[in-house]
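In what follows, a single structure is set out as structure tokens and then discussed.
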2 protein chains.
Amino acid sequence: MVPHLITALTGPINELEARLLDSMPAIERWFRLERMEHTPPFYTSVDLRNAGFKLAPVDTELFPHGFDHLTEEMLPLAVQAAMAAIEKICPEAKNLLLIPAACSSSFYLAHLQRLVQIFTLAGLNVRLGSLDPTLAAPRKLLLPDGTELALEPLVRRRRRLGLLNFDPCTVLLNDTLAGGAPPVLRGLYEQYLLPPLHAGWGVRRKSRHFQSYEEVAKKFAKLLGMDPWLITPMTGGHARVEAGDGHGFEALRASADALLGKLRRKHKEYGIADKPYVVLKADDGSGVGEGVVTLRDAADLAAPALHAQLFAGGAGAREMLVQEGVPTHERINDAVAEPVVCMIDRYVVGGYYRVHAGRRPDENLAAPGSAFVPLAFAECHHLPRRGAKPGASAPNRFYMYGVIARLAMLAAAYELEATDPDAESYE
Amino acid sequence: MVPHLITALTGPINELEARLLDSMPAIERWFRLERMEHTPPFYTSVDLRNAGFKLAPVDTELFPHGFDHLTEEMLPLAVQAAMAAIEKICPEAKNLLLIPAACSSSFYLAHLQRLVQIFTLAGLNVRLGSLDPTLAAPRKLLLPDGTELALEPLVRRRRRLGLLNFDPCTVLLNDTLAGGAPPVLRGLYEQYLLPPLHAGWGVRRKSRHFQSYEEVAKKFAKLLGMDPWLITPMTGGHARVEAGDGHGFEALRASADALLGKLRRKHKEYGIADKPYVVLKADDGSGVGEGVVTLRDAADLAAPALHAQLFAGGAGAREMLVQEGVPTHERINDAVAEPVVCMIDRYVVGGYYRVHAGRRPDENLAAPGSAFVPLAFAECHHLPRRGAKPGASAPNRFYMYGVIARLAMLAAAYELEATDPDAESYE
């Protein structure tokens, strides 16, 4: 189940939404059976885009941010999910070491405070350890609400990681490890390190994730007897491109061209008037915002402005991925909006909208200037409705988002299994 | 964790409450470890009494009612817990057969509707089957909100129970089975029958439950280094009494006398000014309300009015239990109130107050004339509080209730293990 949150969706329930709502028992059973085989990541956030004619995940983060955008009313749900997750992993847990990202924005600090709150209320002693090797003594982090958190130097022993007088059973990472896993986190065979090191962006690739997503979406679509494209962003090729070198760009151009051709046929098949477009995104999760480019014509890949954008900041080479662009047709106060769904373990614990007043529906919203609108629980409609199905008095339009987000979370489970460097040892 | 609900508690946080709040990580860890050994009942409600100097469970129901008193905001929490419970028991579940009590009060129907809603939102097809063997065709139950539920005749095959064209994986009982388990429910070895038949009041005894509770409370009190009496209603003897026969009454009188003596010493030890009292309650859960009697003196057991009360309605014999009376010092709008905590699987999913304007703090409130006040989520206090512990800005006074209720739930798990007639086959 998925909390009943208010969405910005207007208009009648479309065919896809109706099909998902009607198939709830079959869908929930399918998720339960999949989870028996595949362990969900510890926590996940998924960016979705609802184009009306299709709904698809466009980003799956395994070191999620933005939990501060969950409303206070949703906190018990997050805590209950955290309890279930901890109970499964390490029932004897007392201490949780949280390793935050090296980010000191007030948004991030509020998120960090929320994480500490969730795991404290789940019954754990939570302390923060810093990946900064130069940190010699605890440092105070002043939070937006005037309170403080202490960030402490990590203490590494041979096989365990902790803090001074603090030996955790579980180490929870909230840093994306974009630069690869630091030595201090390697070889921790006596503790649970969550998510695992190979979930870091130093190893992960979006192309690999969406390959798993396609596999999951195909299975799911077969269950419901529908076209998987309605819930999948079609993914093209990926290539390493270098500044001033046309080679990788040519591969991307060919891929974008082929993808646009496929999309035109799909749009024709479904009678979609909108012209399809593709996006170019960093395969390794880097450069969110600045690095996502909308292309309506593969030839645009040659544009000097695009090259300048990709290599801004002095990057010499980048791994880029071509993917179907999914426009978002949701609006909050006239600003373009896309839902972000937050999950802990297998549970949807809430969501929020990322909105950007200065962007178009076909553009990336995770860019400077974006704002966040928490999704509140829907007001319940208690009007008597004769003959209404029990529990269904007001359809939960957020349910659909929870289903697609959970498909992306399940895809991440497939992905992490496929990319696990220690996979042999599990046999 | 326990949702943060508004309690009627006023006054400063007392020592017991402070100790429980401070020991949260140790408490939650202890519960997790206990749960590894002992399976929580499927759902439970626990009546508590907060006397200020002590807080104790006075009734643990394994076929709970009153889920309609949970607020709508708490529904996602209940659904999440139901999902976790179902996933553990029968991940391939699609169909749930709910067997309600033979009760058609509007309160009960609203509770039933809520149960259907919870399990429907957890992703199950839920249908209702009747224990009434004379029911030949589906009967409509008109709900207070104008909608309907269908109550259908049970269809028993050799080893399975279902309805016409409905084969459930799990059968959920909400009838207390006070008259013993009907044959239609016996020998269902291919399905999950929850709670098990020996949880019915035809088999269960309060004396046995509180014996388990004492065991659990002792372990828990040892963990916190406190006197278990602060969370335990002291339980005396139980006896079968017959109308017009003094024999059983004499045993009860001796027990009540001894118990009052012990309680006087306890009150002296703690400097409690209130005079202790004991209650006489039906050991087999029968006659709730009419059958709970407050005694300040063991000699009162001879009072003819009491005998008349016990055997009202023509009962020839009753099994009675003597137990410490725990006064409730909570009030809602001047009416005496006691909290009821609702749980699904291991999770506290909400609570409500049972209030009775016409009763005294030392009387039973589960009597005609009682009303119910849902406990709402506490408003969150966002005032900056420098130096406040993260997550602790406003202490969750409902936490304490959740802890004691979970102790009673755990005691029920111990109790069901001890009374399981098929226990050998589990070895």
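With label points set 7 Å from Cα along Cα→Cβ, the inter-copy distances at residue B:357 are 5.2 nm, sorted shortest first.
Could you give me D for chain A, from Stokes-Einstein at 37 °C and 0.692 mPa s, where the hydrodynamic radius is the Kirkwood radius over C-alpha pairs? Units µm² s⁻¹, please. Before the final figure, lay out each step's value.
On the way: Rh = 22.7 Å.
It comes out at roughly 145 µm²/s.
Filter B:54/B:266; A:219/A:275; B:54/B:218; A:218/A:275 down to the pairs with a C-alpha to C-alpha distance above 20 Å, please. Walk me through the intermediate numbers first.
Working: B:54/B:266 11 Å; A:219/A:275 28 Å; B:54/B:218 15 Å; A:218/A:275 25 Å.
From B:54/B:266; A:219/A:275; B:54/B:218; A:218/A:275, over 20 Å: A:219/A:275; A:218/A:275.
Per residue, how big is the convex hull of region B:72-203 when only Cα atoms are used? Give it in Å³.
Enclosed volume per residue, from the Cα hull, is 115 Å³.
For an R0 of 45 angstrom, estimate the FRET efficiency from the Cβ-Cβ distance between residue B:307 and residue B:269 and round to the nearest 0.05. Present the calculation step by step, with values, prior to reporting the outcome.
Working: r = 34 Å, r/R0 = 0.76.
Once the sixth-power term is evaluated, E becomes 0.85.
Each other copy places its own label point for residue A:246 at 11.5 nm from this one, sorted shortest first, where the point lies 7 Å along the Cα-to-beta carbon line. Calculation over all alpha carbon pairs of region A:189-331 in 5 angstrom steps from 0 returns a P(r) of 2, 9, 16, 20, 18, 14, 10, 6, 3, 1, 0, 0 percent. Among all the lysines, which ones have a C-alpha under 17 Å from residue A:88's C-alpha, if same-chain residues fewer than 8 places away are not counted? In chain and number order, the partners are B:88.
What's the whole-number percent of alpha carbon pairs in the protein assembly as shown lying beyond 48 angstrom? Could the numbers behind the result be given before it?
Numbers: 98909 of 364231 pairs.
When every Cα pair of the protein assembly as shown is considered, 27 percent fall beyond 48 Å.
Mean residue ellipticity, 222 nm, helices only, the protein assembly as shown: the sum of -39500 (n - 2.57) across DSSP H runs of n ≥ 4, divided by residue count and rounded to 500, is -9500 deg cm²/dmol.
If neighbour count is taken as other Cβ atoms inside 10 Å, put A:89, A:344 in order from fewest to most.
Fewest to most other Cβ atoms nearby, the residues stand as A:89, A:344.
Using a simple spin-label model with pseudo-atoms 7 Å out from Cα toward Cβ, residue A:39 and residue B:14 lie 4.5 nm apart.
What Kirkwood Rh does region A:151-197 have if only Cα atoms enter the pairwise 1/r average? Answer in Å.
Details: mean 1/r = 0.0897 Å⁻¹.
After inverting the mean inverse Cα-Cα distance, the result is 11.2 Å.
Relative to the compact-globule estimate of 2.2 N^0.38 Å, the Cα radius of gyration of region B:300-343 comes out at 1.68. Rounded to the nearest whole Hz, the Karplus-based 3J(HN,Hα) values (6.51 cos²θ - 1.76 cosθ + 1.60, θ = phi - 60°) of region A:64-80 follow the sequence x, 10, x, 5, 5, 7, 6, 6, 4, 5, 8, 4, x, 5, 5, 5, 4, with x at glycine and proline.
Mind checking which of A:306, A:20, A:62 has the largest fluctuation in a GNM of chain A, springs on alpha carbons under 10 Å? Residue with maximal mean-square fluctuation among A:306, A:20, A:62: A:306. When residue A:92 is represented by a point 7 angstrom out along its Cα-to-C-beta vector, the spacings to that point in the other copies are 3.5 nm, nearest first.
For region A:11-123, report the convex hull volume of the alpha-carbon atoms normalised per residue, in Å³, without decimals. Walk me through the numbers on the way to the answer.
Values: hull volume 17.6 nm³, N = 113.
Hull volume over Cα atoms, normalised by residue count, gives 156 Å³.
Read-outs: derived from the displayed coordinates by stated rules, not from any lab. Only a predicted model underlies this, so the values are computations on that prediction, with no experimental measurement involved. Counting neighbours? That spans all protein chains shown, and the Cβs are built from the backbone with ideal geometry, glycine included.
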